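Student: After the structure tokens below, expect a handful of questions from me.
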Amino acid sequence: MSWIDTHAHFDAAEFDTTRSDDWAHAQRLGVVAQVVPAVAPFNFETVRGLAHAYTGTVYALGIHPMYVNSLDVDVALAELRGALLANIEDSRLVAVGEIGLDGFVEGIDQDKQLAIYQGQLKLAREFNLPVLLHVRRAQDTVIKYLRQFGIKQGIAHAFNGSFSQAQAYIKQGIHLGFGGMMTFEKSNQIRRLAAELPIESLVLETDAPDMSPAWAYKENNYSYYLPRIAETLMTLRGLSAAHLSAQLRNNTLNALPKIQSVL
Ligand SMILES: [Zn+2]
């Protein structure tokens, strides 16, 4: 059985002493690919380097909404555009990400967040790349600008909205990422979404080292937990491993076509 981790911060310092072993472990358990998003210009080279150093690894370039405070909007967008231009022919560059809006964490400049989000949607259009979206307490605004900028491909990662918001993403062509949160018995809403949304709209992710599953609560999360997270989804959907694995592979290819290069 093969699984794809559509969101892993494989560059995180938490993995510095164990990175190769962690990925080898994940691969032994059937994780055939991982998507490593950037968060700001400071890690563009790092995620690109990791994607070329590790088999099954692809990357995205983008500016995370939680990193905007220290950035100059125009300079940061120009740096991103330069990096996209330099790497657009790179088969391992699969998306613009991680981008979006965070209305949960306090102290982030909301105007800057919005300007950088809009600027990145424009770049996704220009380079014809899907988007990896980070969204907290901002689903409707994120969707509004996806529509406005004509973005029709990508993933709303760690989806945690309502059914109607899920439908709005799906209508826009965006897939929904589910991960460790599903493994908590108390996550009623997320488990219902994962169980009931159209299977074609789902993809799996860990968000390692964050969003740990129930069995690793308050510990680091790893891509090698993905097959066990997938078991939760099998149970919720009543699907066999073979069926779910094949379906998710198709879904991921629809969301991120360039990932084909490592599958
Ligand atoms: Zn992330």
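The values are calculated or read from the model by the stated rules, or taken from the named source; none is laboratory data. Model, not experiment: these values are computed from the prediction. When we count neighbours, we look across all protein chains shown, and the Cβ atoms used for this are built from the backbone with ideal geometry, even at glycine. Just the protein is used for accessible areas: all its heavy atoms, side chains included, with ligands, DNA and RNA removed. Shrake-Rupley method; radii C 1.70, N 1.55, O 1.52, S 1.80 Å.
Student: Among the numbered conditions (1) closer than 22 Å to R48 by Cβ; (2) open to solvent by less than 10 Å² (accessible area, probe 1.4 Å), tell me where K122 comes up short.
Tutor: Every condition holds for K122 apart from (2).
Student: Any residue at all in region 232-254 that is under 18 Å from the mean Cα position of the chain (by Cα), open to solvent by 10 Å² or more (accessible area, probe 1.4 Å) and farther than 22 Å from A26 by Cα?
Tutor: Yes, the conditions are met somewhere in region 232-254.
Student: Considering only region 1-28, how many residues are in contact with a Gly (Cβ under 7 Å, 6 or more places away or on another chain) and part of a strand (DSSP E or B)?
Tutor: Adding up the residues that qualify gives 1.
Student: Then there is this: Of all residues in region 82-107, count the ones that are farther than 17 Å from A156 by Cα, modelled with pLDDT of 95 or more and either touching a helix residue (DSSP H, G or I) at 6+ places or on another chain (Cβ under 6 Å) or within 16 Å of the ligand (Cβ to nearest atom) (or both).
Tutor: The total comes to 6.
Student: Next up: Is there any pair with a first residue in region 59-82 that is more than 21 Å from L93 (Cβ to Cβ) and a second that is away from the ligand (no atom under 16 Å from the Cβ) and assigned to a loop (DSSP other than H, G, I, E, B) whose Cβ atoms are under 6 Å apart and which are 6 or more apart or on different chains, and what are they?
Tutor: N69/D109
Student: Name the single residue that is nearest to A246 (Cα to Cα) among those in region 35-56 being within 12 Å of the ligand (Cβ to nearest atom) and in contact (Cβ under 8 Å) with a residue 60 or more places away in the chain.
Tutor: The qualifying residue nearest to A246 (Cα to Cα) is V35.
Student: Moving on to the next point. Does Q189 count as under 18 Å from the mean Cα position of the chain (by Cα) and either part of a helix (DSSP H, G or I) or charged (D, E, K, R) (or both)?
Tutor: No.
Student: Could we say that G154 is touching an Asp or Glu at 6+ places or on another chain (Cβ under 6 Å) and crowded, with 17+ Cβ neighbours inside 10 Å here?
Tutor: In short, no.
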